[in-house]
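The values are calculated or read from the model by the stated rules, or taken from the named source; none is laboratory data. Fair warning: this is a prediction, and the values are worked out from it, not measured in the lab. When we count neighbours, we look across all protein chains shown, and the Cβ atoms used for this are built from the backbone with ideal geometry, even at glycine.
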């Protein structure tokens, strides 16, 4: 291991020797008055955000509400300047007039540390150090989206964005990782040049978007060098002796803030600003290094941003008529990047809506993830959001997502809640002291029986029939066949029982062939039940009557502490607290794990799947789809008879204890 470590060190040193590196020992300290120097914005200690000019050695203007600024960026096509503060507020103003300062967004429960502006999709990408998440906002602060980008060994502190290439770069200066991913969160790749693998040594990065390079400043190696977007080391730009606090680049210049200076053997934070002529990615030109602003005690520069007009026209990549979005950049070598909620089409030149996806919750953030057979192995399918789910993970039990209304339902310790995915608005629908919610019980009560009312009193009175079976841990609905299946724990025999009954809660049948199976899932295409034994993690399959029993697989050697189980298409998915595992349902073959990096791998129990084609009705029309089947309260879709599944009839029911219109009964 030591030999391999040294080999990488030698390789890095060789890669940096062949270039025309410039060593900064002593330079001519003069104030530059070149009218071609771009406009600069500094974040200075005790001064906040200020606008400076190379024509004068002082501050041109201080920005209102810039006292606590921590990061700054701009949107040139929209003529807007944005900055975030340590108090959790995002401000904007006119880029050139620096007037009309507006509060764009505020949150008392986050800590923005870095952000970037996407001028193609008009969004702000802001890193939150409190939750290790990436928060996406519109330029007006609306429609927030939260992406979890932290993992056990990845806690990003800096973000850079190349909108034209469709790339987001996240940098972690604690563990020394650079993560590149597409703008939709797909294809996460760690770019780890050797110099970034040593922890806590003052690495800073910025992007050279014109030449498609990442500029890396390493204090321990006393170098500023470039790597390409694949992580390959290219050339050394210069060799500063004291490290870098911040960097910014324009077409012809590189600017940086000197990190430290030394006096009589003691180091001090410097904060002086330097620039050099930087053209065609060949490094700083000899003799071009100059100091722009010398720092003074108490007013040192901590962060800088150079602004230069960019005449590149805005890319139109929306095609709303066909509901297809064109890739942001067609000349990418490894494919195009699609926005959240979209995936590459078959021709790899367009984006299409994502219909099928997993959905799971972790730390009050709801994530979505594509199936393995998607062209992008991981993607964002719906807009993740941060909502107040009222309870900790070990207190929440029910969890399901209704894609038709974009509503999330979950059970608390004594209540049922509903959350709007778009607005994160939460509403308590039911308070029930006697019920301990498990599995998808909330789905049955809210989605099927609730029908057209949110009246808690009616819901409470309508649930009494279900709880005669004991505590329910799993519940599945087969609307085409008119069946409900529940897994309930029998305290007398200390085992789980699998029960089947009709959608109108009649004709209860105990399927004795499946004993002690806590987790169940339905294969709607084959009309079969799949169950997972809690003792030995064996997976079995049977028909809807519980007669034809087939052992599918045994996951005990791979999976421990199972928290989720479902069948979709040809794959069985089994989830524990950290991963999702896949098995082929026909040949028992283990298909591996579903990769969710860079999300936090400590996922909760909540796990579901959404597919618009999950129910197959043999081309028969579901009578309850339109206008609730004209039923006053409940509408159940049932087969015409036990032997006839090709067409469906409807059954209207009323709440227990509520007087019902006679015309609504068995209509």
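Kindly indicate whether residue 562 is buried (at least 18 other Cβ atoms within 10 Å of the Cβ), in contact (Cβ under 8 Å) with a residue 12 or more places away in the chain, in contact with a strand residue (DSSP E or B) (Cβ under 7 Å, 6 or more places away or on another chain) and not in a strand (DSSP E or B). Steps first, answer last, please.
Working: buried (at least 18 other Cβ atoms within 10 Å of the Cβ): yes; in contact (Cβ under 8 Å) with a residue 12 or more places away in the chain: yes; in contact with a strand residue (DSSP E or B) (Cβ under 7 Å, 6 or more places away or on another chain): yes; not in a strand (DSSP E or B): yes.
Yes, satisfied.
Does residue 549 meet the test of being over 34 Å from the mean Cα position of the chain (by Cα) and at pLDDT 85 or above?
Criteria not met by residue 549.
Could you tell me which of the residues 134, 179, 161, 147 is at pLDDT 90 or above and either at negative phi or assigned to a strand (DSSP E or B) (or both)?
Values: 134 fails: at pLDDT 90 or above; 179 fails: at pLDDT 90 or above; 147 fails: at pLDDT 90 or above.
Sole residue among the options that is at pLDDT 90 or above and either at negative phi or assigned to a strand (DSSP E or B) (or both): 161.
Looking only at the stretch 520-536, which residues are within 17 Å of residue 553 (Cβ to Cβ) and touching a residue at least 60 places away in the same chain (Cβ under 8 Å)?
523
Of the numbered conditions (1) under 27 Å from residue 299 (Cα atoms); (2) buried (at least 16 other Cβ atoms within 10 Å of the Cβ), residue 120 satisfies every one except a single condition; which is it?
Among (1) under 27 Å from residue 299 (Cα atoms); (2) buried (at least 16 other Cβ atoms within 10 Å of the Cβ), residue 120 violates only (1).
Looking only at strands (runs of 3 or more DSSP E) that fall completely inside the stretch 58-125, which ones have 3 or more residues that are within 19 Å of residue 136 (Cα to Cα)?
69-75, 80-85, 89-94, 102-106, 112-118
Every residue, every condition in (1) part of a strand (DSSP E or B); (2) at pLDDT 75 or above; (3) within 26 Å of residue 608 (Cβ to Cβ); (4) assigned by TED's automatic domain parsing to the domain that holds residue 547, yes or no:
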position: 468; (1), (2), (3), (4): no, no, no, yes
position: 484; (1), (2), (3), (4): yes, yes, yes, yes
position: 489; (1), (2), (3), (4): yes, yes, yes, yes
position: 492; (1), (2), (3), (4): no, yes, no, yes
position: 498; (1), (2), (3), (4): yes, yes, yes, yes
position: 505; (1), (2), (3), (4): no, no, yes, yes
